[in-house]
Structures are given as structure tokens and as C-alpha cells.
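One structure is given below, encoded as C-alpha cells.
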Amino acid sequence: MTPVQPQLFTTAQIQMVDLFAGPGGLDVAAHWLGVHVDGIEWDDNACETRKAAGLGTKHADVRAYGPKDFPDATVLSGGPPCQTYTVAGGGAGRRALDTVLGFVEQMAAGEDISAELEKLHEDDERAGDDNRNGKERSGLVLEPLRWALEALDYEMPYEAIVLEQVPTVLPVWQAYADVLKERGYKVACGVLHTEEFGVPQTRRRAILIARLHGEASLPTPTHRRYYKGKDRSEGVAALKPWVTMSDALRNRDEPFEVVSNYGTGGNPKLRGRRRSDEPSATVTGKISRNRLYSSGWPKHELDRLTKDEAGLLQTFPADYPWSGKEIAQQVGNAIPPRLAAHVLAAALGVEFKAEDLDAVVAAKWDPGIYDRPQLPSMPIATPSEMDATPESRQPSSVVVQAPLRVVV
């Protein structure tokens, strides 16, 4: 008889509210960890995918809600859309960053910035679509901080906070870290490389992990970093080799080469190339434009990557029910669930065996959310602060005992 795999948590399930939830990258990882998620997402297409996947979803604008609307949530997560910031020069990227950092200071001081944000939106309407989209995102990137500060004001603070975005957002996360540290959180933030966590893709994400109890740290890599021209056997011996496209796309028997077909100004010499025995380049919403060619001679063109194959390169389940329109964009916008699992585990103070993660990543996806395979782990000591209701939370009650050691 096959034994029942234990849940990560031995009391009520941990509740997480995921802002800007997208098609479900963080949610899939949360399920693997036995965490219940309510996701807020306003994009119609992403909500179609979430519905098909059986994910808890509120189809709405994050700005219309707050912590009191999700009183059982003890974990806050999110990947807000944002502009391309830069710390160098005096261009639009630098000005946008300075604007956001100024708002962070005002919010930390308890100032109401709603009128200033409204003025930004009014200016946007006069400036045109391109500028409006950028300024709109400047406001949205502040939403996770608003939620965190409001939860503190309501005396229902989140036990853990997880934020992710592109690397240029790191200065914003660092500003958030300063604010959260002043309010009792332990915070870690930095840029992670996805291939170092078993994702068959080179992608970088700026991550913030904040914990109200216990030290905060970024997850430790389990795989070697990819370097162009270096063999996957090279590097730290204790780490696994990076995962290749061939490892992930087992339905393709023939070795191939992916040629990027966008962002080159039409110059073929500038097109990025990756062989199937390497990780994929960053999966974006334009992945369907990439061309695939056989590695042998004479070369011939192969079928382009499907939406499901793009999902596999992001470590979504093979049968994940992508729905709605603009699926390539949905796939490209999501955080890889495998990376998210490592990040969430670090935020929750738990660990798991690498082979157990391999098993759940490879498992089929079933819309019956509570019937899907989940990661086995050592029990968590009870009572757990993360499992408690807002009324019963006591700062001294959070104890995480004997987590499993990560085996690589």
C-alpha cells in the first residue's frame, strides 16, 4: 500500500494572497508546498488560464482591495508590472526610479500619496499611451508595500512577504527592505538565476523575501550557473549540472538550435542562438517568433515551439491548461514555478528534497486543486503563527522545527 504523503503543515493550511497573480507561476509552486492561494488578477486572458487550472482567483484591480478583504492570509506575494528602471544617467528610467523611491519614502512616513498618484494618471492621459502605461506601472509597483503597511496598521501583519520582478526593480525592493526592517521584519533581496534552481532557461529575477519571525535568506542554488562555451560538467562539484532544453522537451527527438528572430533590427548576425543541449534563453512573450533548425547537416527548419513547450521551459506542468488569448505573453510574463517553489520555501522556513520537487514538477496537473501531488516534508511544529487566524496570532508562537535538508 502506498503511504499518504504528509503535508508541509500539520494544522490549517497556510493562506497566501498573490497580487498581480498572472496565469499562476507562484500559485503552482504554492500548491506544491501545500499552501492555499487567493490570486488577484485583472487581465482577462490570465484569468481564463487560472480558471481552467482551478486556481482561486479574484478578477479585479489590486488597488480596489486590501488586507482586510483577505483576513486569513498570512503570506503576501506579488510580481507587480513596472517600468524599466535604471540607476544610471538622467533618462526616463532614472526619473521613473526616483519617482517610485520618493513615493516609498512618503509611504514609510505615513503620508497619503493617493492625490499624487491620481495626478500622475491625469498627466498620463494628456501625454499619450506610451507614457501612460509607464506611469500607471509606477503606481502599481507600490501596491505590495501599501498592502504590507496597511496590514501592520490593522495589527494583522503578514508573517512572510515574497516579491519578484525583473532585475531592474532591485533598487525598489531594496527600498522596501529598509521600510520593512524598520517595522520588525528580517529581509533578504537580490537577483537569482533561474538555471541555478533547475529551470531549463537562463533568466534573472529580482527577489525580496521578508519574514516577521526568523532570519530571512535567499534560497541556495541547487544547480550550476550557465556560462556560454562552458560544459555543463564544469563548476561546483556539489551542484547538479544545469538543465538543457532537450531535458525539458523530451518529445523532440532531433537535436536542434533555437535562433532568436526579434530585437535584432533585421541583422542576422545579432540573433541569439542556443543549442538544445543548452538552457533556453529567457522565455518572453515573443518566443513564438523564434525559429528552430536541425543541428545536423544539411540544416532544415523544424516546427516552432508550441505554447506547451514554452510552458515546459518555464517549468509549468506539461498539461497546464493555457487558455484565453496572448498565451505566449502569459507564459513569458510568469515566474517559473520551480524557482518560485525554492523562493516560497525559503520565505516559509521549510526545505524539501530535490528529487521530491522533480516528482511534483513532472506530475500531471488536475483542476481538482486539493488532489494534486504535493511535496512531502517533515511536520511543522504547532501552533504555527502562519496557520493562525488574525485574531489569534501571537508573535512568540512561530516555531519551525526540523525542516528537511535539501539534497542536491
So for each of 151-164, 272-285 I average, over its residues, the number of other beta carbons within 10 Å; can you give me the resulting order with the highest mean first? 151-164, 272-285
Packing-ranked peptide list from 101-109, 353-361, 227-235, 192-200, highest mean Cβ count within 10 angstrom first, is 192-200, 353-361, 101-109, 227-235
Using mean Cβ contacts within 10 Å as the protection proxy, how do 299-308, 239-248, 341-350 order, highest first? 341-350, 239-248, 299-308
Output needed: percent of Cα pairs per 5 Å distance bin for segment 245-320, bins running from 0 to the one holding the longest distance. 3, 16, 28, 27, 16, 7, 2, 0
Please state the charge dipole magnitude for segment 173-299, taken about the Cα centre, from unit charges on C-beta atoms (+1 on K and R, -1 on D and E), reported in debye and rounded to the nearest 20. 420 debye
Descending principal axes extents, segment 130-252, alpha-carbon based, whole Å: 51, 43, 26
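Rule-based calculations on the coordinates, nothing more; no lab input. All of these numbers come straight from a predicted model, not from anything done at the bench. Cβ coordinates were reconstructed from backbone atoms using ideal geometry, including for glycine residues, and neighbour counts include every protein chain displayed.
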